[in-house]
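The values are calculated or read from the model by the stated rules, or taken from the named source; none is laboratory data. Computed from a predicted model, the values in this text were never measured in an experiment. Cβ atoms come from the backbone with ideal geometry, glycine included; neighbour counts cover every protein chain shown.
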């Protein structure tokens, strides 16, 4: 497993959104940047920009890099958008490494439209110095005609064994749902499907 302090891993992300918040009320382009020693014993450098349009739309973007003085480092960036009609969207990502060569990457994004449609996705990947690796992710979108959700995970051991699973559920506007699960047990693929009515009772799948 990656041995990266969670506090250190989000240090850059905090800097990103901190800069964005300072300039959130700007009526034109605002930019800030800086660098300083951090409590982890390294250096944090960050920059942020906020732009507000004449029609009320806003865009904020920030990025940061931090070191911990022990061979570890993390880089993060994020962007947020607000449209003049009330729609919003945001995305961000980070990559971190420690002195032992373990690497962790995470990313995510979300949106919400002015008509109520919304969605998100997020994922995290670990690549370890011993050759093992893992990934987890999830996503969902929903609107007036129904929703789709997905969750997935996969692991690779240091000796090369791979196991994974993905589950997707589709729900119609009437509440009926279909769930498909695919499982990979070191190359052996299995697939199951279940269906339910709006009350949650099992039904025959089409």
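Observations
- Residue in region 161-177 that is farthest from the chain's Cα centre (by Cα), counting only those that are exposed (fewer than 15 other Cβ atoms within 10 Å of the Cβ) and part of a loop (DSSP other than H, G, I, E, B): 174
- A search for C-beta distances below 7 Å between a residue of region 50-64 that is surrounded by fewer than 23 Cβ atoms within 10 Å (Cβ to Cβ) and any residue that is at pLDDT 90 or above and not in a strand (DSSP E or B), counting only pairs 6+ apart in sequence or on different chains, returns 57/83.
- The residue pairs whose first member lies in region 173-194 and is over 18 Å from residue 141 (Cβ atoms), whose second member is loosely packed, with under 12 Cβ neighbours inside 10 Å, and whose beta carbons are closer than 6 Å, counting only pairs six or more residues apart or on different chains, are 181/192; 182/191; 183/190; 193/205.
- Looking across region 141-152, the residues that are surrounded by fewer than 16 Cβ atoms within 10 Å (Cβ to Cβ) and either in contact (Cβ under 8 Å) with a residue 40 or more places away in the chain or within 17 Å of residue 182 (Cα to Cα) (or both) come down to 148, 151.
- Put simply, of 7, 30 the only residue that is modelled with pLDDT under 90 and in contact with a helix residue (DSSP H, G or I) (Cβ under 9 Å, 6 or more places away or on another chain) is 30.
- Test: residue in region 37-45 that is without any contact (Cβ under 8 Å) to a residue 24 or more places away in the chain and part of a loop (DSSP other than H, G, I, E, B): yes
- Residue match in region 178-200 (condition: within 25 Å of residue 73 (Cα to Cα), in contact with a strand residue (DSSP E or B) (Cβ under 8 Å, 6 or more places away or on another chain), crowded, with 16+ Cβ neighbours inside 10 Å and not assigned by TED's automatic domain parsing to the domain that holds residue 86): no
- Among the candidates 89, 33, residue that is within 20 Å of residue 120 (Cβ to Cβ) and surrounded by fewer than 18 Cβ atoms within 10 Å (Cβ to Cβ): 89
- Residue match in region 117-129 (condition: buried (at least 18 other Cβ atoms within 10 Å of the Cβ) and at pLDDT below 95): no
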